[in-house]
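Everything on this sheet refers to the single structure shown next.
None of the figures in this text is laboratory data; all of them are computed from the coordinates on show. In this text the structure is predicted, and so the values were computed from the model without any measurement. Heads up, the Cβs are rebuilt from the backbone with ideal geometry, glycines too, and the neighbour counts pull from every protein chain shown.
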Amino acid sequence: MHWWTLVDECIENNAFPNHFLQLATIKDDNSPAVRTLVYRGRNEEQHILMISDTRSEKYAQLMSNPKAEISWYFYDTREQFRISGETLCVTPKDQDFDVSRLWQDLSPAAKQQYFWPKPGVPITDKTSTYITGKNDTRGKQEKLHQDELDLTDPPSHFCVIKLIPVKVDYLQLSQPKHERQIFEYDIVSSQWHSIALTP
Ligand SMILES: Cc1cc2nc3c(=O)[nH]c(=O)nc-3n(C[C@H](O)[C@H](O)[C@H](O)COP(=O)(O)O)c2cc1C
């Protein structure tokens, strides 16, 4: 069975939410960094799609080293996928279909977040209103500003992270015995090969 079939079955058989995954990247000092992201589906090339912000640390890490791994756990069926490969980050200037499609799919509230100040910097008086929604005079002005935003097109720092899988480590904690399989992509034959492993 192809591992995507296993993923599809998991999405179907697990109660919502089943679309949070952890993305691990490598920092410049070679230490790991991991955080939660939303799975945004896959494209025709079978890339795993996520969205983010080019002003974030993960983007800088992926620009230095595009290798990444996601860990995706399905609670109800007790299945884990660890999927590794190289990433490709695309932004509005790339005129990529997935960028426009995923932007259109976002709710207005989710789109507005991309017009917040750069992530990961200290909060100032000017920026606190975005974060706390503080209702002082400046807060009202900023709120007005947010409501007037043109959300038709994504800002230049909106990005789609595409993970191109080359290896999948699948684990199912079924009873009475656990099951583990490794799927690896063979570039020569363009085929996925799998092998069962001790868990
Ligand atoms: C449930 C949940 C979902 C999240 N989804 C995303 C997402 O889809 N994209 C994203 O960039 N950050 C998402 N985040 C925030 C990231 O986990 C992270 O805090 C942020 O992107 C900054 O990470 P960085 O400094 O490593 O770049 C989410 C956080 C949580 C808790």
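Below are the figures for this structure:
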read-out	value
For LEU6: the one exception among (1) exposed (fewer than 13 other Cβ atoms within 10 Å of the Cβ); (2) touching a residue at least 60 places away in the same chain (Cβ under 8 Å); (3) assigned to a helix (DSSP H, G or I)	(1)
Residue within segment 67-83 that is assigned to a helix (DSSP H, G or I) and away from the ligand (no atom under 15 Å from the Cβ) present	no
Selection count, segment 109-128, where residues are under 16 Å from ASP150 (Cβ atoms) and surrounded by 11 or more Cβ atoms within 10 Å (Cβ to Cβ)	7
Top-ranked residue of segment 31-40 - restricted to ones that are among the hydrophobic types (A, V, I, L, M, F, W, C) and farther than 15 Å from ALA110 by Cβ, ranked as nearest to the ligand (Cβ to nearest atom)	ALA33
Segment 171-199, subset of a type in the set (A, V, I, L, M) and assigned to a strand (DSSP E or B), residue nearest to SER84 (Cα to Cα)	ILE182
Flag for ASN43 being at positive phi, surrounded by fewer than 18 Cβ atoms within 10 Å (Cβ to Cβ) and either more than 8 Å from the ligand (Cβ to nearest atom) or hydrophobic (A, V, I, L, M, F, W, C) (or both)	no
Output for segment 46-64, where each listed residue is within 10 Å of the ligand (Cβ to nearest atom), under 14 Å from GLU86 (Cα atoms) and in contact with a Leu (Cβ under 6 Å, 6 or more places away or on another chain)	MET50
Any chance VAL90 is within 14 Å of the ligand (Cβ to nearest atom) and more than 18 Å from LYS167 (Cα to Cα)	no
